[in-house]
Structure formats: structure tokens, C-alpha cells
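Notes follow the structure.
The values are calculated or read from the model by the stated rules, or taken from the named source; none is laboratory data. In this text the structure is predicted, and so the values were computed from the model without any measurement. Reconstructed Cβ throughout: ideal geometry from the backbone, glycine too, with neighbour counts over all protein chains shown. Note: accessible area is taken over every heavy atom of the protein model, side chains too, but ligands, DNA and RNA are not part of it. Shrake-Rupley method; radii C 1.70, N 1.55, O 1.52, S 1.80 Å.
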Amino acid sequence: MLRNALWEGLVAGAAGVAAMTVGEKIEQAVTGRPNSHVPGRVLARLTGASESAGQHSTALNWAMHFGQGIALGVLRSVMAEVGLRGPLASSKFTVVRLTNDQILENATGVGAPPQTWPRSELAIDVLHKSVYGFVTGAVADALAARRGPGPGGRHAALVPGRHADIGPVPRSAAAGR
């Protein structure tokens, strides 16, 4: 399960970050919003690179932008593998993606809490991260679905809903598909 989640998550994350990036570039062309240098500044702080490198390095910016998106795809793939699939799972994952950004940006002192942002900036960020979350989810779900429902899905198939008197599926059916 984990081997599948790893490679499929990298693929799903790459698809999600590519879709998000295309959407961002279209939005920037329409709104005139400039590129953000926050990802590069965060990576500079995390790696100890010079502050000026983070502010002006396209390489650091893209490395953090794509690296984060690709790496987090593994988590969404794990979700899909265990049976957490569909729009609700992608919504939950989108919150994780937004939270990951905020933890790194605020821990490094590069960003500020979202509640202090102008509403228009916040809306744009949520929109782009939602594109990422749902595209990543669609790809992860499709790849995992080739092996049937995950352990949670197999458990739910016993009797729909939650029931205290229904035990877990056998270990052999829960893992190692």
C-alpha cells in the first residue's frame, strides 16, 4: 500500500501543482498580480540560504512551489489508498495544503497569519490551493481505485453507516493490497 501511495502520490501531486500553476498564471495575466516570492523566501530560511537568494531566486521559488505540491501529493494518495476518496476527501486535503503553507510561512517569519491578509489575496490563495487539492485528489483517487476500495471502503460495505456492533474487516483484507 505504501509503495503505491508513494509513487502515485508523486504523480498526483505533480498533476495538482501543474494545474494550480497554470491557473495562477492565467489569473495573474488577467489581474496583473505579480509573482509571489514567498515560496523562495521560505526555502531560503529553511535551508539557511541568503535572504537575497530567497527574494530573487526563481530556482528556489520553483523548487519550493513544485516540491511542496509534489511531496504533499503522497499524503493525498495515502488517503485514497485507505478509502478516503472523492470531493469530501479532496476538501479535507485542501485544508491540509493551506495549513502546510501557513505553518512554514509563519514559522520562518516570512508570512503572516491569513486573517491579517486582504480578503482578495486570501480568496485567490484559497482558489488556487483548491484547484491543487481537487486535481491532486482526482488523480490519486483514480490511481487507487484501480485496486478496488480501500480498507475503509471494504469496512463500510459490510453495513452502510457506523454501527457499534460491526467489527473491523479481517487484517488480511485491511492492508497489503
At 37 °C and 0.692 mPa s, the Stokes-Einstein diffusion coefficient in µm²/s for the chain, with hydrodynamic radius from the Kirkwood sum on alpha carbon pairs, is 187
By the Kirkwood definition, with r running over pairs of different Cα atoms, segment 37-117 has a hydrodynamic radius in Å of 13.6
Apply the Karplus parameterisation 6.51 cos²θ - 1.76 cosθ + 1.60, with θ equal to phi minus 60°, to every residue of segment 111-117 and state each ³J(HN,Hα) to the nearest whole Hz, in sequence, with x for glycine and proline.
-> x, 10, x, x, 5, 9, 7
Within 10 Å, count the other beta carbons around each residue, average over each peptide in 81-94, 3-16, 115-128, and list them highest first.
-> 3-16, 81-94, 115-128
Stretch gain in nm, segment residue 14-residue 163, where the contour uses 0.36 nm per residue and the Cα spacing is subtracted | 49.8 nm
Could you bin all the Cα-Cα distances of segment 1-74 into 5 Å bins starting at 0 and give me the percent of pairs in each, rounded to whole numbers?
-> 3, 17, 19, 19, 18, 14, 6, 3, 1
The chain: DSSP helices with Cα axial extent of at least 18 Å and average Kyte-Doolittle hydropathy no lower than 0.5 = 2-31, 58-82, 119-145
What FRET efficiency comes out for the pair residue 156/residue 2, r = Cβ-Cβ distance, R0 = 35 Å, nearest 0.05?
-> 0.95
Selected from 113, 151, 126, residue furthest toward positive end of dipole (segment 104-155; charges at beta carbon) | 151
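Hey, with R₀ at 45 Å, roughly what FRET efficiency would residue 29 and residue 145 work out to, going by the Cβ-Cβ distance, to 0.05?
So the FRET efficiency works out to roughly 0.80.
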Contact order relative to length for segment 40-119, counting C-alpha pairs under 8 Å separated by 6 or more residues, stands in percent at 25
Rounded percent of accessible protein surface that carbon and sulfur make up, the chain, 1.4 Å probe | 68
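Taking the Cα centre of the chain as origin and charging only Cβ (+1 Lys, Arg; -1 Asp, Glu), how large is the dipole, in debye to the nearest 20? Before the final figure, lay out the partial values.
Details: 17 positive and 11 negative charges, 114 e Å.
Approximately 540 debye in magnitude.
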